[in-house]
Amino acid sequence: MHIGTTLTNYIIETQRQIQGATGEFTGLLNDIAVACKKISDLVNKGDLIGVLGSAESENIQGETQKKLDVITNEVFLEALAHNGHVAGMASEEMDEIVQLPPNAPRGHYLVLFDPLDGSSNIDVNVSVGTIFSIIKAPPGVTNPTLEDFLQPGVQQCAAGYCLYGPSTMMVFATRDRGVQMFTLDKDFGEFLLTHENVQIPEDTAEFAINASNSRFWEPAIQKYVDECLAGAQGLRGKDFNMRWIASMVAEVHRILTRGGVFMYPVDAKLKSKGQEGKLRLMYEANPMSLLIEQAGGVSSTGRERILDVQPQGIHQRVPVILGSKNEVERIIGYHAA
Ligand code: AHG
Ligand code: MN
Ligand code: MN
């Protein structure tokens with residue numbers, strides 16, 4: 001594969017190398033790319049077409065939905081429901097799994113997605129993204145039930161995100177073929193390969209956490225961050241830099257590009273609300289963990305590999321600690337101590 005090749009061509013070539021693969025996977029990725037191009041266009045136009053601001057609704061997590069949360073969810077459903085590449089879908093913005101209309105053609109894949117990640121950033125014109133996870137429906141299943149979706153992240157066939165930043169980028173990984181980055185050329189509407197086989201540096205001096213939660217942190221996180229803040233004067237013997245964008249897609253993109261650590265750990269405040277984390281396992285943590293691992297990084301709850309977590313529900317939350325291998329392993333060590 002060469003720099004500049006189109007996403008479509010890359011997927012066709014990848015599919016050729018996978019034994020028994022049919023055109024269905026290529027078709028599915030193409031549907032997702034089409035949805036992301038539409039969302040990119042909506043996000044770019046923003047206030048010009050009146051799509052910013054809040055909708056008068058809440059999602060299953062009790063979070064106020066932005067107009068664009070609702071619109072982008074519709075774009076995604078519409079792009080995938082009619083082409084015979086999926087058997088079912090699930091979304092951050094929908095309480096229940098999505099059943100296809102009775103007469104719609106069926107495919108073999110299940111897709112879970114967060115149509116607009118970081119949506120609190122949309123009104124202030126800061127980067128947002130779309131995250132997706134692809135698993136196989138159990139053999140013979142054409143009308144999947146909730147149980148058919150509850151597969152651990154290791155089972156993902158592919159996962160990725162689209163980042164709507166200064167440029168629009170599609171970042172994509174299959175289970176064993178590494179991470180590729182494509183940049184959208186808006187003039188002719190194609191994603192072109194711009195970074196091949198991305199690898200995350202094992203060491204870093206950059207971490208990302210919402211420090212306003214520090215008084216609720218567990219000792220392991222407190223210890224790690226204290227050591228980073230102590231910098232060259234502390235036991236780490238080097239200064240650290242801190243970032244917090246509040247768009248997971250943008251944070252993961254930075255880590256894939258130049259290394260770093262991202263943490264949204266469980267804390268006393270979340271626990272008091274009965275939550276085991278803030279981020280959602282099936283359409284945030286799992287797809288990002290596949291990308292991070294495929295790029296040589298580590299992704300953990302602090303106590304368990306995220307990709308091994310057995311999901312109990314579509315909207316389940318988990319603690320997330322991911323990024324440069326040596327740093328994440330250090331933080332896992334602090335949890336074990
Ligand atoms: P979403 O907009 O899909 O609800 O996700 C936002 C997530 C994630 O992208 C980000 O890392 C985190 O929430 C930010 O949380 P805080 O506002 O608590 O910092
Ligand atoms: Mn999100
Ligand atoms: Mn979202």
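The values are calculated or read from the model by the stated rules, or taken from the named source; none is laboratory data. If you're wondering where the values come from, they're calculated on a predicted model, not measured in any experiment. No Cβ is skipped: glycine too gets one built from the backbone with ideal geometry, and neighbour counts run over all protein chains shown.
What to note about this one:
- Selection status of Glu63, within 16 Å of ligand 3 (Cβ to nearest atom) and under 27 Å from Asp123 (Cβ atoms): yes
- Every residue from the stretch 117-168 that is away from ligand 2 (no atom under 14 Å from the Cβ) and acidic (Asp, Glu): Asp123, Glu147, Asp148
- The set of residues from the stretch 77-98 being within 22 Å of Ser289 (Cβ to Cβ), assigned to a loop (DSSP other than H, G, I, E, B) and of a type outside the set (Val, Ile, Thr) comprises Glu92, Glu93.
- Tally, over the stretch 193-214, of residues that are in a loop (DSSP other than H, G, I, E, B), surrounded by fewer than 19 Cβ atoms within 10 Å (Cβ to Cβ) and without any contact (Cβ under 8 Å) to a residue 60 or more places away in the chain: 3
- Looking across the stretch 131-166 at every residue that is part of a loop (DSSP other than H, G, I, E, B) and within 26 Å of Val179 (Cβ to Cβ), the one that is nearest to the chain's Cα centre (by Cα) is identified as Gln156.
- Pair list, Cβ < 9 Å and 6+ apart or interchain, from the stretch 268-280 residues that are assigned by TED's automatic domain parsing to the domain that holds Leu322 to residues that are of a type in the set (Ser, Thr, Tyr) and outside any loop (DSSP other than H, G, I, E, B): Gly277/Tyr264; Lys278/Tyr264; Leu279/Tyr264
- Of all the residues in the stretch 6-52, those that are closer than 12 Å to Phe191 by Cα, surrounded by fewer than 17 Cβ atoms within 10 Å (Cβ to Cβ) and hydroxyl-bearing (Ser, Thr, Tyr) number 2.
- Filtered by the rule that a residue be more than 12 Å from ligand 2 (Cβ to nearest atom), assigned to a loop (DSSP other than H, G, I, E, B) and either closer than 23 Å to Gln316 by Cβ or outside the structural domain of Ser91 (by TED's automatic domain parsing) (or both), the stretch 51-76 gives Ile60, Gly62.
- The numbered conditions (1) away from ligand 3 (no atom under 16 Å from the Cβ); (2) under 21 Å from Gly165 (Cβ atoms) are all true for Ala250 except (1).
- Residues in the stretch 117-130 that are within 12 Å of ligand 3 (Cβ to nearest atom) and not in a helix (DSSP H, G or I): Asp117, Gly118, Val128, Gly129, Thr130.
- Subset of the stretch 111-135 (residues that are more than 9 Å from ligand 1 (Cβ to nearest atom) and either surrounded by fewer than 17 Cβ atoms within 10 Å (Cβ to Cβ) or over 18 Å from Gly88 (Cβ atoms) (or both)): Asp123, Val124, Asn125, Val126, Ser127, Thr130
- As for the stretch 99-116, it holds at least one residue that is away from ligand 2 (no atom under 16 Å from the Cβ), touching a strand residue (DSSP E or B) at 6+ places or on another chain (Cβ under 7 Å) and not in a loop (DSSP other than H, G, I, E, B).
- In the stretch 90-116, the qualifying residues are those that are more than 16 Å from ligand 3 (Cβ to nearest atom) and out of contact with any helix residue (DSSP H, G or I) (no Cβ under 9 Å at 6 or more places or on another chain), and the one that is nearest to Val43 (Cα to Cα) is Gln99.
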